Amino acid sequence: MRMIYSSEHFWILSYPAQQGVELFDKERKRLLFLQGDAAWSFRYAMEQIPEAERDEETIDAFLDDYCDDKAQPIALH
């Protein structure tokens, strides 16, 4: 596991051995694990953000939209 992004609102963790990426929404306590083609598609979508616009606000807004209907709430037992 390797952290590839960290902000006030999100973490992105990479799992190279599993060809996976995990998106963790700190504020809403939800996560999304992507593997294989889904992880590749996510990385490709991130790369489409123009270099000049790759600030924390833009990336966090992208991650919020990306997680909106896919991320699962974290439940602690």
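Below is a table of values for the structure above.
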{"item": "Calculated FRET value between residue 44 and residue 3, using beta carbons and R₀ = 22 Å, to 0.05", "result": "0.65"}
{"item": "Matching label, Kirkwood radius over Cα pairs in Å computed from the structure shown, candidates (i) 13.3; (ii) 16.0; (iii) 12.8", "result": "(iii)"}
{"item": "GluC sites (Glu not before Pro) within segment 14-77, DSSP loop, no more than 16 other Cβ atoms inside 10 Å", "result": "27"}
{"item": "Local electrostatic count at residue 14 - Lys and Arg +1, Asp and Glu -1, tallied over other residues with Cβ under 15 Å", "result": "0"}
{"item": "Size of electric dipole in the chain: Cβ of Lys, Arg +1 and of Asp, Glu -1, about Cα centre, debye, nearest 20", "result": "500 debye"}
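We did not get these values from a lab; they are worked out from the coordinates using the rules stated. Everything quoted here is computed from the prediction, not taken from an experiment. Reconstructed Cβ throughout: ideal geometry from the backbone, glycine too, with neighbour counts over all protein chains shown.
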